[in-house]
Amino acid sequence: MSELNIHTSAGDFAFSSNNPPMEKHIYELVDSLAETYWRYVARHEAFAQLWKQYQRPQPQYNVLDVGCGTGGLLSYLMRRAPVNAVGVDLFAGTLPYCQRRGIRSVGVADATALPFGAGTFDFIVTQDVVEHVANDRAALQEIARVCAPGGLVLVLVPAFQFLWSARDVELHHYRRYTVPQLADLIQQSGLVVSHRTYMDAWLLPLLWAAVLTAPRSADGTAQLASDAAPGQNGWLNQVLLAVSRIESGIANRFGLPFGVSAVVLAHKPLAQDPHK
């Protein structure tokens, strides 16, 4: 596919929002940790490896990050592959961070109404986005629409409704998922599942214990003070990154039976795809 002729900036797309899906300080924190925090580094490495395992070789790839945030993942992929990177987010305040990372094609857009033609992108990533969308089915159908035949879609969402807490409310989540639930929704959008797994398995017992023992609000919601993901810097950060790299290798090859995130990689069938 030839290079995309898309050079956008915050506000260039038709959709805008004065009600961001996450608070501004959360985006600032994500931006400050994108290159160092074990959880983000491990995710970026795992996503890039999954893409490499299943991609169809091409001289250049059109890549879309739906809910790109501050652009950490796109920046990571741009440094490692011939990528035409495009990012969209519901919150325009995130886009200057992307531009500072050298991602020129960014704009504000709703995941259920993407401003692109059908079959535009070879690889689409959406992490921690679908749970923010009231009509998750519509969002996944729209992502499938703009994926090119033979292209890949990678979706990550928070796992297991029994882990629901005030943290989910603060982040404006509608729900959490199991891997089978997510895979079924993706297949209903017309994509074929290539790989599915959970991530951060070692975090699940910690987060579950925190939810079980946390004080309750009037409606019974666990009042967690954090997301139970420790080690943002220092030696603990390096230890957790090493653990996560080992775990990601297992997840990408075999799949993990549980974790705090659900991940599905799917492809859009070619005309001759026997699985269609």
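Throughout, read-outs are computed from the coordinates displayed, never taken from laboratory work. Everything numeric in this text was worked out from a predicted model, so none of it was measured. Here the Cβ positions follow ideal geometry from the backbone for every residue, glycine too, while neighbour counts run over all protein chains shown.
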- Item | Kirkwood Rh, Cα atoms: Rg over Rh of the range 24-267 | 0.94
- Net charge, residue 41 excluded, C-beta distance under 10 Å - Lys, Arg +1, Asp, Glu -1: +1
- Item | Table column - 3J(HN,Hα) (Hz), the range 129-134, Karplus curve with 6.51, -1.76, 1.60, x for Gly and Pro | 10, 4, 5, 7, 9, 4
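Considering only DSSP beta bridges with both partners in the range 24-267, what is the antiparallel share in %, to the nearest 5?
Numbers: 16 of 36 bridges.
The answer is about 45 percent antiparallel.
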- Most exposed first, judged by fewest Cβ atoms within 10 angstrom, 128, 219 run 219, 128
- Note on the structure: Applying the gyration tensor rule to the Cα atoms of the range 111-164 (axes a ≥ b ≥ c; rounded if a/c under 1.5, else prolate if a/b exceeds b/c, else oblate), the class is prolate
- Message: Residue by residue through the range 208-215, what is 3J(HN,Hα) from phi via Karplus (6.51 cos²θ - 1.76 cosθ + 1.60, θ = phi - 60°)? Round to whole Hz and write x for glycine and proline.
- Response: 5, 4, 5, 5, 5, 9, 6, x
- Query: HN-Hα J couplings of the range 109-116 from phi, Karplus 6.51/-1.76/1.60, θ = phi - 60°, integer Hz, Gly and Pro as x?
  - Reply: 7, 8, 4, 8, 8, 6, x, 9
- Under 5 Å between amide H atoms, partner at least 5 residues away or on a different chain: which partners does residue 201 have, H built in plane at 1.01 Å? 260
